[in-house]
Amino acid sequence: MPLGAYKIGRIASGEEARFITNDVVRDPRIHNPEWARSLGLIAFAGFKLASVEGQPIGVLALFSKQAITTVEEGLLANLANAVSQVILADQARESLLKSEERYRSLFEYANDAILLLQEDRLVDCNPKTLQMFQCSKEQLVGRSLFFFSPA
């Protein structure tokens, strides 16, 4: 559905944060009342799913065969907020995975030795390090920094 078209599109575009009606058959803002009537639908509720900055990331929308009460409206608003948080957490996780993939690729294929230290102990190294020291990772991991430069 194009952004800005009908109620869901207006919510998705950010023009409206929510839209609720308990008269979908007679509400002129509903674009297909015949369809709603044929299914016995009475109510519609749509809520913007938003980013932390308030930008739209989706829409929680539903039709109902019963009127939507103010209590249910509050529950749906909370549900929309929870769904937004789940979507944002998943997006953050995906971003972190992509970042880790880029880091891992740079680490593995760098043409320079890369040693990762925690305090004064080696915790990881890339293949170029192993090539330079002509040894296996098992021979290096856990060693003191002074192992590489005793003087």
Checklist entry - What tally of residues in region 29-61 results from selecting those that are under 19 Å from residue 7 (Cβ atoms), aliphatic (A, V, I, L, M) and surrounded by fewer than 13 Cβ atoms within 10 Å (Cβ to Cβ)? => result 1
Next on the checklist: So residue 137 ticks every box in (1) open to solvent by 60 Å² or more (accessible area, probe 1.4 Å); (2) without any contact (Cβ under 8 Å) to a residue 12 or more places away in the chain; (3) of a type outside the set (Val, Ile, Thr); (4) touching a helix residue (DSSP H, G or I) at 6+ places or on another chain (Cβ under 7 Å) but one. Which box is left unticked?
Outcome noted: (2)
Item to check | Selection status of residue 50, modelled with pLDDT of 90 or more and closer than 22 Å to residue 91 by Cβ | outcome: yes
Next on the checklist: For region 1-42, give me the residue count where each residue is small (Gly, Ala, Ser), modelled with pLDDT under 90, closer than 16 Å to residue 55 by Cβ and not in a helix (DSSP H, G or I).
Outcome noted: 3
Next on the checklist: With the structure loaded, tell me whether residue 92 is of a type outside the set (Lys, Arg), open to solvent by 50 Å² or more (accessible area, probe 1.4 Å), part of a helix (DSSP H, G or I) and out of contact with any Leu (no Cβ under 8 Å at 6 or more places or on another chain) or whether it fails that test.
Outcome noted: yes
Checklist entry - Out of region 32-58, which residues are of a type in the set (A, V, I, L, M, F, W, C) and touching a Gly at 6+ places or on another chain (Cβ under 6 Å)? => result 49
Next on the checklist: As an exercise: evaluate residue 126 against (1) in contact with a helix residue (DSSP H, G or I) (Cβ under 6 Å, 6 or more places away or on another chain); (2) loosely packed, with under 14 Cβ neighbours inside 10 Å and give the number of the one condition it does not meet.
Outcome noted: (2)
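The values are calculated or read from the model by the stated rules, or taken from the named source; none is laboratory data. If you're wondering where the values come from, they're calculated on a predicted model, not measured in any experiment. Methodologically, a virtual Cβ is constructed for each residue, glycine included, from the backbone with ideal geometry; neighbour enumeration extends over all protein chains shown. Areas reflect the complete protein model, heavy atoms only, side chains present, ligands, DNA and RNA absent. Shrake-Rupley method; radii C 1.70, N 1.55, O 1.52, S 1.80 Å.
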